[in-house]
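Heads up, the thing below is written out as structure tokens.
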Amino acid sequence: MEEQEFRDEVRRFLEDSLTPELKRAGQLMTSVFADFDATMEWHRILYEKGWVAPDWPKEYGGPGWNITQRYVFQEECKLANAPALLPMGLQMLGPMLIGYGTEEQKNYYLPRILSGEDVWCQGYSEPGAGSDLASLSTSAVRDGDDYLVNGSKIWTSYAQHSNRIFCLVRTSKEGPPQAGISFLLIDMDSPGIRVDPIVGLDGSVEQCQVFFDNVRVPVANLVGEENQGWSVAKYLLEFERGGQNFTVDHKKQTAKLHRQARAELNPDGIPWIDDPVFRNKMASVEVDALALEYTELRIKGALEAGANPGALSSLTKVMGTEISQRFNELSVEVMGTFITPFQHEALQPDFEGEIVGPKHGLTVMAEYINNRASTIYGGTAEIQRDIIAKRVLEL
Amino acid sequence: MHIEYTDEQNMLRDSVDKYLRDNYSFESRQAVAKSGEGFSEQQWRTFAELGWLAMTLPEEHGGFEGGALETMILCEAFGKHLVLEPYMETVVLTAGLLQEAGPDIHEKYLAGVAEGRVQGALAALEAGRQSSLRHVETRAESCAEGFKLSGSKCTVFNGPAADVFLVTARTSGDAYSAEGISLFAVDAGLPGLSRRDYPTYDGRHASELWLDGVTVPEGALVGEPGRGYPVLEKIIDRALLALSAEAVGAMDSLLAATVEYTKQRKQFGKPISRFQVLRHRMADMFMEIELTRSLMLATAYKLDQNADDASALVSALKAKVGKSGPFVGQNAIQLHGGIGMTEELSVGHYFKRIAVIENLFNSRDFHLQRYMRLTCE
């Protein structure tokens, strides 16, 4: 199918299926997550349509799209303000199970990810193992047909909504730290699991700490070989870093900033967008975003030719997040003192009251705050630069 | 020119710091921030008892005649300990503006401010044009009783607690003209005055304010009619020093917390403070803070001397804070990692306060341009 034809089809579908409430949830996103209920409602709609897992092979329930079609779909969803789907099951665990899971695991878990029956969270980071993930210490010790899991995971996004968690656990202390790690699937309702919410700086709960106290996990829930979990983990991390297409986000941010800069006036009473100094700053960010857009196109070309983007995914992650943060800063500047009202309730899709300040300023401060996390999660900007230095420059 | 804290100033600095260290923990601050009050009445009374509120007020109203340096010292400590109490709003802005008024107004409010009984708020900004203090559409018409005020104001910090609002209203001139702006002391509770209160991201409270034919007596006029803007500019220079000093104090705390955290946080088998990229980042944070501090000290000195270049220094300082503030705040979070993004740790709360400060009374570009205007023309 021609690209334009496909795009039209996607647009028609989005027009028909995205209710005003779902769009509202998308518009009110101030981080990578949207309101949970809206997210799952949209998930089910896409599932019905057969479009919920664009990156999965057709035999496992994917729509069988090529790379261009997947880009187009992602782009159109974002431009239409669809709430973002949770990536943990669809984009992280799913492809990983397809690559490393047993037939039983695939047959059991994949359909439940597609339907939304299972909601997964990711148990990687620990209080003592962040950038140095391989030093993780949550242990899984064999006890008959089970593992006994003890320890704690942190920054577990949406654990409070999840019924399952995929975890990196230590099964051996022999050899280098990477060698003794295994990949386990765990039911969140297993006895011995406790979930503590972590309140973020914007007042909302997206992150949790998950505690494991002698949690029994069947050995059948091991993915890949015991002590071979690191290669599975790395596959996922590369996905987490490079699997995002920043260009669409930047385009949306550009449009948003332009709207704000046209509506708000500078101290001389002219719209910010006509203020030469501010224009220059906008252009500076937009040019960097354009350069990244063409870089992403080069990567897409490499993917289509069957190559692995490798460490280039670190480039897009660093530049994509840092450019995005600069857009946030410019929006803050334009909104001036209207960044100050803390209106947590007004960010919920079902809010019907009156807001303080202009509508186009409502999410600005929360976005500025929350997006600081983007240069921390999925490998910090410092770690990514290390990867480029080591793997690309061979320093 | 002496550009360092004097012994006397160091004593004041140490005593303020000591009180806050012992009596103003982050945990108690958070409890107050979440209480819906915006600040602690009890702390405010203690600030009065300690003489902090009277520090810069005239002697005949119980004050100590302090100047910009004292304001700076207090606000630096407030920033360091993330103090919520509305010192800038009530003492620097409200009392500062009221001192420009006649003796009747002094009598009415200043002793109350010094004793911690009177709270104030500046109501100068208007929605849609909130980046300019010159943009005033609120009108003040002469009437038999004095003046009748009509219009609306946005971003009135400390609005919910204010006993008196300092309101800008136009007695003549066009919307953006500096001429024709008058200042009025408007008592809270007057008929025709209404508010919508809201919490702010930095743990305080502010209001939108509506004036629907609020009648005030002739004596409520602060300064000359139509000549309010230069008065406002003068006092806002003081407020900019206060805010910048607060930012310096906050940056000090952020750097201290970051240095401490990176020394104890171990990854890859060693404290992360051993990684050169992080060491250099913290060295850069240090340099930014010290440069800002130098401008802060110089600005306070110049303001106290009524120097010709005092306003240029004020803008240089605020512009510098607009660069060092986000740099230090953002990197403090970055170097803390995930924990820096949580409500539990103070780091993010300093970050949020700095973000608000950056945007109060205009951000960096405005002050860079004002600096050039004041120095080149």
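Coordinate-derived values only; no laboratory data. Everything numeric here is computed off the predicted structure, so don't read it as measured data. A quick note on method: Cβ atoms are made from the backbone with ideal geometry, for glycine too, and the neighbour counts reach across all protein chains shown.
Odds and ends about this structure:
- Whole-number D in µm²/s for region B:215-267 (Stokes-Einstein; Kirkwood sum over Cα pairs; 20 °C, 1.002 mPa s): 144
- Note on B:Glu290/A:Leu395: beta-carbon distance plugged into 1/(1 + (r/R0)^6) with R0 of 45 Å gives a FRET efficiency of 0.90.
- Solvent-free Debye scattering, log10 I(q)/I(0), computed from the Cα coordinates of region A:303-387 at q = 0.12, 0.17, 0.21 Å⁻¹: -0.51, -0.77, -0.94
- Directionally averaged projected area (region A:1-152, Cα convex hull): 11.2 nm².
- Mean projection of the Cα convex hull over all viewing directions, computed for region B:144-260: 8.8 nm².
- Descending principal axes extents, region B:7-119, alpha-carbon based, whole Å: 42, 38, 19
- Each Cα pair under 8 Å and six or more residues apart adds its separation to the average, and for chain B the resulting relative contact order is 16 percent.
- Given B:Lys34/B:Lys108; A:Lys234/B:Lys270; A:Lys78/B:Lys318; A:Lys300/B:Lys263; A:Lys281/B:Lys263, the pairs whose alpha carbons are separated by over 30 Å: B:Lys34/B:Lys108; A:Lys78/B:Lys318; A:Lys300/B:Lys263; A:Lys281/B:Lys263
- Cα pair distances exceeding 53 angstrom across the protein assembly as shown, given as percent: 18
- The angle between the Cα long axis of helix B:346-359 and the main principal axis of chain B comes to about 40°, on a 0 to 90 degree scale.
- Selection from A:Leu79, B:Tyr371, B:Leu209, by position along the positive dipole direction of the protein assembly as shown (Cβ): A:Leu79
- log₁₀ of I(q)/I(0) at q = 0.09, 0.18, 0.19 Å⁻¹ - region B:81-236, Debye sum with one point per alpha carbon: -0.24, -1.05, -1.19
- Calculated diffusion of region B:229-376, Stokes-Einstein form, Kirkwood radius summed over Cα pairs, 4 °C and 1.567 mPa s, µm²/s: 81
- Three principal axis extents of region A:164-312 based on alpha-carbon atoms, in descending order, are 67, 44, 24 Å.
- With 5 Å bins from 0: P(r) over region B:18-60, alpha-carbon pairs, percent: 6, 20, 24, 22, 15, 8, 4, 2
- Structure-based [θ]222 nm, chain B - -39500 (n - 2.57) summed over DSSP H runs of at least 4, per residue, nearest 500: -15500 deg cm²/dmol
- Stokes-Einstein diffusion for region A:3-85 at 10 °C, viscosity 1.306 mPa s, with a Kirkwood radius from C-alpha pairs, works out to 123 µm²/s.
- Among A:Gly64, A:Phe6, A:Gln27 the positive-end extreme of the charge dipole of region A:3-85 (Cβ point charges): A:Gln27
- Region B:60-169 - Kirkwood radius from inverse mean 1/r over Cα pairs (Å): 15.4
- Difference of contour (0.36 nm per residue) and Cα-Cα distance, B:Thr375 to B:Phe26: 121.5 nm
- Inter-label distance, B:Lys263 to B:Glu145: 6.3 nm, where each label sits 7 Å from its Cα along the C-beta direction.
- Quarter the surface of the alpha carbon convex hull of chain A and you get the mean projected area, 20.8 square nanometres.
- Taking all pairs of distinct alpha-carbon atoms in chain B, Kirkwood radius in angstrom: 21.3
- Over 24 Å [Cα-Cα, region A:244-392], rounded percent: 42
- Here the residues A:Glu286, A:Glu2, ranked from fewest to most Cβ neighbours within 10 Å of their Cβ, fall in the order A:Glu2, A:Glu286.
- Here the Debye sum runs over all C-alpha atoms of region B:127-209 as equal scatterers in vacuum, and log10 of I(q)/I(0) at q = 0.20 Å⁻¹ comes out as -0.95.
- Compactness of region A:120-227 is given as radius of gyration and Dmax, 13.4, 45 Å, from Cα positions.
- Region A:251-262 - phi-based ³J(HN,Hα) in whole Hz, Karplus 6.51/-1.76/1.60, Gly and Pro as x: 5, 5, 5, 4, 4, 5, 4, 4, 4, 5, 6, 7
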